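Down below is the structure, laid out as structure tokens.
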């Protein structure tokens with residue numbers, strides 16, 4: 001279970017998270033949606049202990065994340081941008097990650113799934129953006145963690161890899177994982193998400209299933225429903 005209570009965070013006096021309350025009680029796929037700059041990445045970084053909130057409480061499996069780092073062993077985290085030493089080869093990056101965290105039980109599985117075998121001897125700087133993202137995904141999922149935090153996981157992926165990745169996430173969901181995703185890929189959300197949280201100006205403006213939001217806005221697609229949420233907020237702000 002992941003729980004967030006009354007969470008606040010500002011950068012240089014600019015509010016980013018403004019009283020967030022979230023509850024993730026059951027395994028499944030949970031999508032955090034919203035425009036750029038609404039606090040999605042900050043929220044994930046707080047869960048990882050990379051950013052401290054100004055106030056509020058975050059707990060994972062009933063334990064606060066603010067004063068104990070042991071919970072991180074239960075989490076795999078995918079940052080939005082892969083930041084690895086450019087001069088290292090892919091196999092060296094994977095080995096370095098394994099050295100820092102421990103035995104990666106799914107290393108070979110992820111290398112095969114993401115088609116990285118032919119890239120293992122190449123330097124990270126010589127990879128395309130999409131292949132760099134595959135390396136990012138491999139270092140995240142080569143550990144069989146019960147909780148997975150993914151920040152824009154499909155950015156730069158080609159159609160074949162994207163299809164394989166969707167199928168893989170579905171399998172992980174069926175295995176009872178807690179998977180939290182920030183994404184702009186509405187197709188991925190419609191296909192996989194059990195619940196969505198829509199963030200806007202540091203607050204949650206909708207929490208529920210994809211179908212509940214579609215029904216609420218009386219449209220046919222999630223993308224249309226999201227657009228109407230944004231339009232309504234703009235009109236309310238202008239008033």
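So which strands (runs of 3 or more DSSP E) stay within the stretch 170-239 end to end and still have 1 or more residues that are under 20 Å from residue 37 (Cβ atoms), more than 15 Å from the chain's Cα centre (by Cα) and touching a residue at least 12 places away in the same chain (Cβ under 8 Å)? Before you say what the answer is, go through the steps one by one.
Values: elements: 178-182, 195-200, 203-208.
It comes to 195-200, 203-208.
Taking the criterion of being at pLDDT 90 or above, under 25 Å from residue 211 (Cβ atoms) and buried (at least 17 other Cβ atoms within 10 Å of the Cβ), the residues of the stretch 1-26 that qualify are 4, 20, 22, 24. Residues that are more than 15 Å from residue 30 (Cα to Cα) and either buried (at least 19 other Cβ atoms within 10 Å of the Cβ) or touching a helix residue (DSSP H, G or I) at 6+ places or on another chain (Cβ under 6 Å) (or both) are absent from the stretch 175-184.
Give the number of residues within the stretch 129-153 that are over 20 Å from residue 75 (Cβ atoms) and in contact (Cβ under 8 Å) with a residue 24 or more places away in the chain.
Initial filter on the stretch 129-153 (over 20 Å from residue 75 (Cβ atoms)): 129-132, 134.
Add one more test, that the residue is in contact (Cβ under 8 Å) with a residue 24 or more places away in the chain, and what stays is 129-130, 132, 134.
Number satisfying all stated conditions: 4.
In the list 29, 58, which residue meets the criterion of being in a strand (DSSP E or B), over 16 Å from residue 200 (Cβ atoms) and modelled with pLDDT under 95?
Within the list 29, 58, the selection yields 58.
Taken together, the criteria exclude residue 104 from residues that are under 23 Å from residue 165 (Cα atoms) and in contact (Cβ under 8 Å) with a residue 40 or more places away in the chain.
The values are calculated or read from the model by the stated rules, or taken from the named source; none is laboratory data. Predicted model, so just to flag it, every value in this text is computed and none were measured. Don't worry about glycine lacking a Cβ; one is built from the backbone with ideal geometry, like all the others, and counts go over all protein chains shown.
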